[in-house]
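Enquirer: Following this message is one structure expressed as structure tokens.
The values are calculated or read from the model by the stated rules, or taken from the named source; none is laboratory data. Nothing here was measured: the structure is a model prediction, and the numbers come from that model. Please note: Cβ atoms are built from the backbone with ideal geometry, for glycine as well, and neighbour counts cover all protein chains shown. Note: areas computed on protein heavy atoms with side chains; ligands, DNA, RNA excluded. Shrake-Rupley method; radii C 1.70, N 1.55, O 1.52, S 1.80 Å.
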Amino acid sequence: MGEDAESPKINHTFLRDYVTEADVISTVEFNQTGDLLATGDKGGRVVIFQRETELKGESEEACEVGDSGEYNVYSTFQSHEPDFDYLKSLEIEEKINKIRWLPQQNAAHFLLSTNDKTVKLWKVSERDKRPEGYNLKDEEGRIKDVSTITSLRVPVLKPTDLMVEVRPRRVFANGHTYHINSISVNSDGETYLSADDLRINMWHLDITDRSFNIVDIKPANMEDLTEVITAAEFHPHHCHLFVYSSSKGTLRLCDMRASALCDKHTKLFEEPEDPGSRSFFSEIISSVSDVKFSHSGRYLLTRDYLTAKVWDLNMDKGPVETYQVHEYLRSKLCSLYENDCIFDKFECVWNSSDSVIMTGAYNSFFRMFDRETGRGVTLEAWRENSKPRAVLRTRRVYTGGKRRRGDVGVDSLDFTKKILHMAWHPAENIIAIAATNNLYIFQDRVNPDAQTQ
């Protein structure tokens, strides 16, 4: 039968591009081994992906491709629900701001997730056996009449289908007046910090009813407020050191051995400002949106609106490396201010050997910089060219001179397609990129043997 000419046609492009706010991914995090990858979204959900290990009997074709296991959905659960602060008459969003994995101690996995106000500790475990042969319960779990029990049985464990259980173990509430922007697990494995706009608290993982305030920059008069805390992280090896960044572009390294309240920093990292280049937007674009210790603990990686910078802990006079992420946007700051894009908070990450850094940009672009050569490359996380086993092409933004085929003009950039959140596998060249409601996982297919030649 022919199609009715009057029947409405479905706009598949519209359906494909339609994204509900709740589905937008707001954080991405690998665990310490890289076998699990967790994402949180604005709807308060956490999705955990597990890496499927290769079977020894796989085909030679798969081996040639270099596939070392895909990531498939392992578990999904609702971490936070919408709430309401009746004292302040404010709605509390369910959006997951950060996820952090705890070091694995046994067969179970533990992770921390937070929204604007509450941090929760979750236990993720597997069950492939179930007990049978209860004395006081029947097969359907109902309590038996004690008078009917004539003999005792020893319960036994019987194999069953694999089940992944996610249970809340702790709820750390009422510790913050302002919105939580960071959580970081300490290297001691017992404590973690949570930071909001004006305070940083330290919690013990076993104690939920109290925390210790270790940084408080709230002035006596809020009219005197000049900066806010934007991110904070513990040192990867020294449990007494942590760093926090501010909206003024400064970094403060604090040592908890010096004082219980770390209002006085141990070191201040700040780049001197050029008075000649100061403008209305200078303070906005200098605000640090993310800070990360290198795996070695020697360096700090920060991201502001236009640049990514590497700082040496032994040199506080300025950054040792500065990488221009999208300098071509400097002439567009006025329009970016009007559409609020100038306030976007981009994250940054190190690779496993601290030799490459990665951060996001607009138009579904993300950038990688080789620290040894200083060269940068622009790649695109886009559904049409991100089919399985497809090789990513480098992209270039045309700013002048000879235009190459495939170049994208600055005026053609789509500022609604922004790469804000990302993660790098702790040991391999595998990256996870969040693009609105899509999660892209890319792997370096270069043969390891060829790299050493």
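Enquirer: Of the residues that make up region 388-405, is at least one at pLDDT below 90, open to solvent by less than 40 Å² (accessible area, probe 1.4 Å) and not small (Gly, Ala, Ser)?
Expert: Yes, the conditions are met somewhere in region 388-405.
Enquirer: Being within 23 Å of the chain's Cα centre (by Cα) and either without any contact (Cβ under 8 Å) to a residue 40 or more places away in the chain or at positive phi (or both) is the requirement here; does Ser294 meet it? Don't jump to the end; show me each part of the working.
Expert: On the way: within 23 Å of the chain's Cα centre (by Cα): yes; either without any contact (Cβ under 8 Å) to a residue 40 or more places away in the chain or at positive phi (or both): no.
When the stated conditions are applied, Ser294 does not pass them.
Enquirer: Which pairs do you get when a residue that is closer than 20 Å to Thr416 by Cβ, found in region 323-336, comes within reach of a residue that is surrounded by fewer than 16 Cβ atoms within 10 Å (Cβ to Cβ) and among the acidic types (Asp, Glu), reach meaning Cβ atoms under 8 angstrom, with the pair 6+ apart or on two chains?
Expert: Pairs that qualify, where the first residue is closer than 20 Å to Thr416 by Cβ and the partner is surrounded by fewer than 16 Cβ atoms within 10 Å (Cβ to Cβ) and among the acidic types (Asp, Glu): there are none.
Enquirer: Next up: For the list (1) surrounded by 12 or more Cβ atoms within 10 Å (Cβ to Cβ); (2) at pLDDT below 90; (3) more than 30 Å from Trp424 (Cβ to Cβ), I need the number of the one condition that Gly66 fails.
Expert: Of the numbered conditions (1) surrounded by 12 or more Cβ atoms within 10 Å (Cβ to Cβ); (2) at pLDDT below 90; (3) more than 30 Å from Trp424 (Cβ to Cβ), the odd one out for Gly66 is (3).
Enquirer: So, in region 261-294, how many residues would count as being more than 27 Å from Asn97 (Cα to Cα) and not β-branched (Val, Ile, Thr)? Break it down stepwise before answering.
Expert: To start, the set of residues in region 261-294 that are more than 27 Å from Asn97 (Cα to Cα) comprises 264, 266-267, 271-280.
In the following step, the residues that additionally are not β-branched (Val, Ile, Thr) were identified as 264, 267, 271-280.
Count: 12.
Enquirer: Still on this structure, I have one more. Among the residues of region 238-268, which ones are over 19 Å from Val320 (Cβ atoms), surrounded by 14 or more Cβ atoms within 10 Å (Cβ to Cβ) and small (Gly, Ala, Ser)?
Expert: If the condition is that a residue be over 19 Å from Val320 (Cβ atoms), surrounded by 14 or more Cβ atoms within 10 Å (Cβ to Cβ) and small (Gly, Ala, Ser), then Ser246, Ser247 are the ones that fit.
Enquirer: Would it be correct to say that Phe49 is farther than 20 Å from Trp424 by Cβ, surrounded by 10 or more Cβ atoms within 10 Å (Cβ to Cβ), at pLDDT 90 or above and aromatic (Phe, Trp, Tyr)? Steps first, please.
Expert: Numbers: farther than 20 Å from Trp424 by Cβ: no; surrounded by 10 or more Cβ atoms within 10 Å (Cβ to Cβ): yes; at pLDDT 90 or above: yes; aromatic (Phe, Trp, Tyr): yes.
Answer is no for this residue.
Enquirer: Looking only at strands (runs of 3 or more DSSP E) that lie completely in region 294-364, which have at least 1 residues being surrounded by fewer than 20 Cβ atoms within 10 Å (Cβ to Cβ)? Let's see the steps before the verdict.
Expert: Working: elements: 299-303, 307-312, 321-324, 348-350, 356-360.
In region 294-364, the matching strands (runs of 3 or more DSSP E) lie at 307-312, 321-324, 356-360.
Enquirer: (1) at pLDDT below 95; (2) in contact with a His (Cβ under 8 Å, 6 or more places away or on another chain): which one isn't true of Asp209, the others all being true?
Expert: Condition (2) is where Asp209 drops out.
Enquirer: Can you tell me which residue in region 365-374 is surrounded by the fewest Cβ atoms within 10 Å (Cβ to Cβ), limited to those that are part of a strand (DSSP E or B) and among the charged types (D, E, K, R)?
Expert: To start, the set of residues in region 365-374 that are part of a strand (DSSP E or B) comprises 365-370.
Now restrict to residues that are among the charged types (D, E, K, R): 367, 370.
Values: Arg367: 22, Asp370: 14.
Per the stated criteria, the residue is Asp370.
Enquirer: How many of the residues in region 407-420 are assigned to a loop (DSSP other than H, G, I, E, B) and open to solvent by less than 40 Å² (accessible area, probe 1.4 Å)? Quick ask: steps written out before the conclusion?
Expert: Applying the first criterion (assigned to a loop (DSSP other than H, G, I, E, B)) to region 407-420 yields 407, 413-417, 419-420.
With the extra rule that they be open to solvent by less than 40 Å² (accessible area, probe 1.4 Å), the set shrinks to 407, 413, 419-420.
Of the residues in region 407-420, 4 are assigned to a loop (DSSP other than H, G, I, E, B) and open to solvent by less than 40 Å² (accessible area, probe 1.4 Å).
Enquirer: Tell me, which residue of region 269-288 that is buried (at least 18 other Cβ atoms within 10 Å of the Cβ) and β-branched (Val, Ile, Thr) is modelled with the lowest pLDDT?
Expert: Ranking the qualifying residues of region 269-288, first place goes to Ile285.
Enquirer: Could we say that Ser211 is within 25 Å of Phe110 (Cα to Cα), among the polar types (S, T, N, Q) and in contact with an Asp or Glu (Cβ under 7 Å, 6 or more places away or on another chain) here?
Expert: Details: within 25 Å of Phe110 (Cα to Cα): yes; among the polar types (S, T, N, Q): yes; in contact with an Asp or Glu (Cβ under 7 Å, 6 or more places away or on another chain): no.
Judged against the criteria, Ser211 is not a match.
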